[in-house]
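Inspection log for the structure reproduced underneath, given as structure tokens.
No lab work stands behind these numbers, since they all come straight from the coordinates. Everything numeric in this text was worked out from a predicted model, so none of it was measured. Neighbour counts are summed over all protein chains in view; Cβ atoms, including those assigned to glycine, are modelled from backbone coordinates with ideal geometry.
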Amino acid sequence: MPLMKPTACVALLGDLVASREAPDRSALHRHLLQAIRSANAGPQILDPLRVTAGDEFQGVFASVGAALAATFTLRAALHPAQARFGLGIGSVQIIDAETNVQDGSAWWAARSAIEAVEEAAHGAHRALRTGVAAAEGHEPPTASLRAAVALTDAALFGLDDQDVVILAGLRAGTSQAVMATRLQISPSAVSQRVARGRLAILAEAMTHLEEVA
């Protein structure tokens, strides 16, 4: 008899964007594995993230917020490489516990979400990286949640290397003086980047998204 995850959980599907164009795909794969290890240190993980085939990966989380937290960690760790994500709210069945083969409505919803992102992320919407969908019988994501996720995608898309380090520092509570030392720039330069990129607001918004049930 198939084993079941909790009645409602969140399946996460992800893949790397334009990975076939990478000059060193082996190095990119190692980079992905390191990023996954970092994300798997996060909260509310029901089934840790793992690579499934090529540049695709998946995991199961107890909440939308926990799944989003994993995407934020992955994006920061993978930068400048890009990834896209589909989050599916639903049920997960473990078909074979020995090989961890899974099925269920959460996976179908996650696949639908990531395919929608891939289809939409062109032209004016090229910054979109994250989709959230719910299976039939589960409460769908609100319009405000979808909007917040899309705006976060847009904000993260425009960050350069130093912005990514500073944003991670803000989220970790690191002082601007320490960040300045790491980046070998002045504290005032860090402060200017925080203000120019609205990074403190972005860090707070990401924290709020991580609290979504």
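Couple of notes before you dig in:
- For the chain, the residue among G104, A213, H29 whose Cα projects farthest onto the positive side of the dipole built from Cβ charges is H29.
- Trypsin sites (Lys or Arg not before Pro) lying in DSSP loop within segment 165-213, provided at most 13 other Cβ fall within 10 Å: R198
- Exposed-site-free run, longest, the chain (rule: GluC sites (Glu not before Pro); DSSP loop; at most 12 other C-beta within 10 Å): 1-97
- What you get for the chain, charging only the Cβ of Lys and Arg (+1) and of Asp and Glu (-1), is a dipole of about 680 debye around the Cα centre.
- Fluctuation leader among P141, P80, P23 - the chain, Gaussian network, Cα springs under 10 angstrom: P23
- Each helix, a run of at least 4 DSSP H residues, gives -39500 (n - 2.57); summed and divided by the residues of the chain, these come to -15000 deg cm²/dmol at 222 nm.
- Among the trypsin sites (Lys or Arg not before Pro) within segment 120-170, those in coil by DSSP and having at most 15 neighbouring Cβ atoms inside 10 Å are R126.
- Angle in degrees between helix 105-120 and the longest Cα principal axis of the chain, rounded to the nearest 10: 50 degrees
- Label selected from (1) 69, 43, 27; (2) 61, 39, 34; (3) 68, 47, 31, the criterion being Cα extents along the principal axes in Å as computed here: (2)
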